[in-house]
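One structure is given here, and the rest of the page talks about it.
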2 protein chains.
Amino acid sequence: MYSDFGIPRELSDLQKRRSQYQPELPPCLQGTTVCVEFGDATTATDSSDAHTISRSFPHSYGQPLAHFVRATAKVPDAQIIIEHPEIRVGAVFCGRQSPGGHNVIWGLHNALRIHNPNSTLLGFLGGSEGLFAQKTLEVTDDILATYKNQGGYDMLGRTKDQIRTAEQVNAALTACRDLKLDGLVIIGGVTSNTYAAQLAETFAKVKCPTKVVGVPVSLNGDLKNQFVETNVGFDTVCKVNSQLISNVCTDAFSAEKVILGEEVAASKLSLFELTKQLCDAVQARAEQDKYHGVFLLPEGLIESIPEVYALLQEIHGLLRQGVAVDGISSQLSPWASALFDFLPPFIRKQLLLHPESDDSAQLSQIETERLLAHLVEKEMIKRFKEGTYKGKKFSAVCHFFGYQTRGSLPSKFDCDYAYVLGYICYHILATGLNGYMATVTNMKNPLNKWRCGAAPITAMMTVKHYYGHGPGVLSVGKPAVHPATVDLKGKAYKQLRQNATNFLMDDVYRNPGPLQFDGPGAEAKAVTLCIEDQDYMGRIKALQEYLDKVRTMVKLGCSEDVLKAALSAMAAATNILSTMTENTPY
Amino acid sequence: MYSDFGIPRELSDLQKRRSQYQPELPPCLQGTTVCVEFGDATTATDSSDAHTISRSFPHSYGQPLAHFVRATAKVPDAQIIIEHPEIRVGAVFCGRQSPGGHNVIWGLHNALRIHNPNSTLLGFLGGSEGLFAQKTLEVTDDILATYKNQGGYDMLGRTKDQIRTAEQVNAALTACRDLKLDGLVIIGGVTSNTYAAQLAETFAKVKCPTKVVGVPVSLNGDLKNQFVETNVGFDTVCKVNSQLISNVCTDAFSAEKVILGEEVAASKLSLFELTKQLCDAVQARAEQDKYHGVFLLPEGLIESIPEVYALLQEIHGLLRQGVAVDGISSQLSPWASALFDFLPPFIRKQLLLHPESDDSAQLSQIETERLLAHLVEKEMIKRFKEGTYKGKKFSAVCHFFGYQTRGSLPSKFDCDYAYVLGYICYHILATGLNGYMATVTNMKNPLNKWRCGAAPITAMMTVKHYYGHGPGVLSVGKPAVHPATVDLKGKAYKQLRQNATNFLMDDVYRNPGPLQFDGPGAEAKAVTLCIEDQDYMGRIKALQEYLDKVRTMVKLGCSEDVLKAALSAMAAATNILSTMTENTPY
């Protein structure tokens, strides 16, 4: 394991300036007295999963939502947290680094110290491996100095994000007991937060006093649900990728070249249909004398192409049976074999790579952008020979964006968001909650309107159903926080579709430019965050206020008519909701 | 040709703010009265080339340097340019786009208008093709509005940078005559400026009144000589690439992975030695438990590897003889064949690509970084099996940086530099100079210390000598402005070498962060610009001052001793210089 963790870094001038930036706190977290208000017990997003989840998490399922409000707020049932004993907290980075992660540690450290200067924050070195091995670094102001508002996870490091096997869970349990931790903060994406929930359940079951808290930090942007508006790191990644993509666009525009890249989009087309769509786009632009353009393709696109996915499943099946790589192609089913032969050699080679434990991990090895560039080129030559395309020769340049953005200096938004989440972690622990994720909502508005809270991780879980190998065999997966997919009914996607023709045919290449920390653009937020109406927690609260109002207006002594009207309205509401949720009692 | 040139662009907030930025002018260009001071006649950098160059450029060789100074400056022989008649100027982007190019047009436009509101600036649409076809756009304030301080060349567009054949030169001549141009400004790199000089020579010969001016705009950073300190675009490219490379470093540091990229470096090692060096670096770091690191490789590295270059020459020879691609490998010389068989299939395929007219152009198709990743991996496995390497398995991720940076918003420095160069172009034309390049020197100091001038392009030319196919046959190339290579005796390289061990073994990963326009980092300049002592023009001037001083101090009536001392000192100086330059009279 690398031993330089936590040593002061040499910073550039800009990094130094950034390290001086002090994020603010929303009003509800200011001062040392914070109130916690509990909502109703939570259930599962999909009520049909509730039974499975509750059985897997008997000790941590169904806990209520928590909102942190100002001590002066007039909330009837809120409870003021008065005692702030000295506590010991461990924090661990799980999974791929995401810009802003360091600020979670910073926010947590500050909150701990402000409430009790004797409290201790231990960072686990080298991710979950450091947790198992009990390798820690006590986080201090000195250590934090050169990591505040900086990218990477290098203050503590990380390894792969696995706290899964019985052995690993036991090692984590032993670490928390040995180190006498009151809290364990797990910083990561969907997988890491699923592990956090499992750990919380195990700890509750064996009566380990350590409370486990998850923090949504992932550059994928796929830890998103009714409680979580966005992940720490996503804003930065959007901004840096927009800069790079725009630069490529500006370049293409001046250079008249077609360039393939990657984007997050959703598609379930066949490989042939997809190729055809891309070719039609090239052709339509060529007819307007536009011999340049940029295609953005999502990294996981290959998974969405049904026949490629099926081919991969066949190949992996044969590999698992021990068939040698050379022998695979002769043992494929006729259609799979035909597709395999159709593909260019470099893709064939990539398809034959041994799958990792998780099939999807291996998919990132397949250069989807090169495959499509190859197929589009082939098809355009065919069209040219047939006389249906009369333009210039098609040629593509492929780019892969990923690593360049991951290590970026975090945006102002991500600095603020991460710091606030770290701060919330303290209050979750002070309240004694276990198996919760720190949440901030209403983030489309300025920081002084942000709402802080905590949601049980189990409430974000769903259960996947798989069709097994035999006919009619349906197997049920383990409950987990699954990656959010693009919401094809959402406002953001709608806006994308509305502009699709303009984006395709016009050269609307606005360049957001390099990430700025002051001035125009510095305060810009992701479109999805601003236009998707994600204030789920706010609406839950509004509903409760309605119910309270009805209760107040209709009480003993009210007129018969008012009572009748209320009854009829509530009966209707109940019926509609029963039908919608197909209430499965358990 | 694409028809949207010059239409207003939709700008992002940051782009809008940037478009409001007004570069300043150095004191010597402020106001409407500028003085021009001529230096001595210029010669060639290498005096042995002087004869060849003077024969190729009889009408434009040997012109003096020009310095633009304040009208109030007390320079004895300076000439004040008083008349500013209405003039017509054409401007053309040649070669690959470079951030800041638009500002040359803007600076030129402003200078033209300030000195005579009736003057006209015509932009040629689509580069040199637009020049030949006389496709123009009159540049106005309205058109410039959304292109000021922006990246790309999309206001006017560009095509390939060729004004070479007799047909092309004639088309350019006809265009300048038909459009009654007083000046033609060619914006580009080494090749474009060589064409500019040739055009100037032709125009002078046929008595075409159009004066040709070159402007050093190229992101390669290789138009650099005693008159040109840096190119427009290089500063931006350095900053954006530093951001991306640093992000990859930060990522590697957190992720513990070895990553291959590209850098500007110089090496003449064999492929095996290079592989060995890289492997030794991996091993040395592994011994310190550092299983991560970033290699930076320059794009043209493959050219510098002697045996790969020789193999390519053989392959191209066979291709030119009409040997089919399939038959090449069997006809290679034994050693070339051995190397060819040793290389991985994807590189073999890339080596067999038909060369373009210029051999070097095709080399960028060869993925040097992938080749080296492959070879290093193979060697590390071998070392592991032999027991000489005991660390973790080596794995590499390759990146190619290029397109992402070319379209960037230009840095403040490039905005200023390009604007000032555009302004200088006007004064070059107002002075009636032909075949000159606009120059700014002393740029390591703040803008108010910048010195503005013009240097004959022929003075930047060199002549290459090639060994021909027969023994002893030495052929002489055409005089040209050749790309500058890394100066292995220069201060910048020295500093790199001094830090080589630290860079290799320590994790000194300062991240300059995204390009900023205000605050820390915004005013940072490239290290090469600051530490290399490039004030050639300043030193030429200092020498002239010494000579003048000697003249003043030693005149009729001075003592015999003083005269003797002066004579002896000047004789010594003359002898030393004669020996150094091996004076070739002609």
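Brief remarks follow.
- With bins 5 Å wide beginning at 0, the percent of Cα pairs of the range A:321-465 falling in each bin runs 2, 7, 9, 10, 10, 10, 10, 9, 8, 9, 8, 5, 2, 1, 0.
- Contact residues in the range B:219-255 by the 10 Å² criterion (accessible area, 1.4 Å probe, full protein complex versus chain alone): B:VAL240, B:GLN243, B:LEU244, B:ASN247, B:VAL248, B:THR250, B:ASP251, B:PHE253, B:SER254, B:ALA255.
- Here's how it looks for B:THR120: its modeled amide H is under 5 Å from those of B:ILE87, B:ARG88, B:VAL89, which are all 5 or more places away or on a different chain.
- Entry comment: accessible area of the protein assembly as shown is 46 Å² per residue, from protein heavy atoms only and a probe of 1.4 Å.
- Applying D = kT/(6 pi eta Rh) to the range B:536-580, where Rh is the Kirkwood radius over alpha-carbon pairs, T corresponds to 37 °C and eta to 0.692 mPa s, the Stokes-Einstein value obtained is 281 µm²/s.
- Net charge dipole size for chain B [Lys, Arg +1 and Asp, Glu -1 on Cβ; Debye, nearest 20]: 300 debye
- Using a cutoff of 8 angstrom between alpha carbon atoms and counting only pairs six or more residues apart, the relative contact order for chain B works out to 20 percent.
- Measure of compaction for chain B (Cα Rg per 2.2 N^0.38 Å): 1.07
- Radius of gyration (Cα atoms) of the range B:481-544, expressed as a multiple of 2.2 N^0.38 Å: 1.50.
- In this structure, the amide hydrogen of B:VAL217, modeled 1.01 Å from its nitrogen in the peptide plane, lies closer than 5 angstrom to those of B:GLY188, B:GLY189, B:VAL232, counting only residues at least 5 positions away or on a different chain.
- Contact residues in the range B:517-549 by the 50 Å² criterion (accessible area, 1.4 Å probe, full protein complex versus chain alone): B:PRO520.
- If you look at the Cα atoms of the range A:1-80, you get an Rg and a Dmax of 21.2, 55 Å.
- The helix-based estimate of mean residue ellipticity at 222 nm for chain B, built from -39,500 (n - 2.57) per DSSP H run of four or more residues and divided by its residue count, is -13500 deg cm²/dmol to the nearest 500.
- Over every Cα atom in the range A:1-140, the radius of gyration and the widest Cα-Cα span, Dmax, amount to 19.2, 55 Å.
- 7 Å along Cα→Cβ, label-point gaps from B:GLY432 to other copies, nm, shortest first: 9.6
- P(r), alpha carbons of the range A:18-63 - 10 Å bins starting at zero, rounded %: 20, 26, 20, 24, 10
- Between A and B, roughly 5000 Å² of accessible area is buried in total, ligands, DNA and RNA not counted and the probe set to 1.4 Å.
- Local net charge near B:PRO76, Cβ-Cβ under 11 Å (Lys/Arg +1, Asp/Glu -1): -2
- FRET efficiency for the pair B:ALA281 and B:ARG164, taken as 1/(1 + (r/R0)^6) with r the Cβ-Cβ distance and R0 = 35 Å, rounds to 0.20.
- Whole-percent carbon and sulfur share, accessible surface of chain B, 1.4 Å: 54 percent
- Shortest-first distances to equivalent copies, position B:GLY490, nm, label 7 Å out along Cβ: 4.8
- Label spacing, shortest first and in nm, from B:GLU367 to its equivalents in the remaining copies (7 angstrom along Cα→Cβ): 0.3
- q = 0.05, 0.08 Å⁻¹, the protein assembly as shown: log10 I(q)/I(0) [Debye, one scatterer per Cα]: -0.42, -0.99
- Axis-proximal residue of chain A for the rotation onto chain B, reported as residue and distance in whole Å: A:PRO514, 2, based on Cβ position.
- Extension gain, B:LYS449 back to B:LYS74 (0.36 nm per residue minus Cα-Cα distance, nm): 133.3 nm
- Residue pairs, from the table A:LYS290/A:LYS382; A:LYS290/A:LYS378; A:LYS148/A:LYS489; A:LYS290/B:LYS412, whose Cα atoms sit over 27 Å apart: A:LYS148/A:LYS489; A:LYS290/B:LYS412
- Computed FRET value (nearest 0.05) for A:LEU504 with B:LYS16, which takes r as the C-beta separation and R₀ as 30 Å: 0.75
- Reachable aspartates and glutamates from A:LYS444, criterion Cα separation under 14 angstrom, eight or more residues apart if same chain: A:GLU229, A:ASP235, A:ASP414, A:ASP416, A:GLU523, A:GLU532, A:ASP533, A:ASP535
- Debye equation applied to the C-alpha atoms of the range A:124-226, log10 I(q)/I(0) at 0.10, 0.15, 0.18, 0.23 Å⁻¹: -0.28, -0.64, -0.91, -1.35
- With Cα atoms as the point set, the radius of gyration and Dmax of the range B:483-586 evaluate to 23.1, 68 Å.
The values are calculated or read from the model by the stated rules, or taken from the named source; none is laboratory data. Fair warning: this is a prediction, and the values are worked out from it, not measured in the lab. Every residue, glycine among them, receives a Cβ derived from its backbone with ideal geometry; neighbour counts consider all protein chains shown. Note: areas computed on protein heavy atoms with side chains; ligands, DNA, RNA excluded. Shrake-Rupley method; radii C 1.70, N 1.55, O 1.52, S 1.80 Å.
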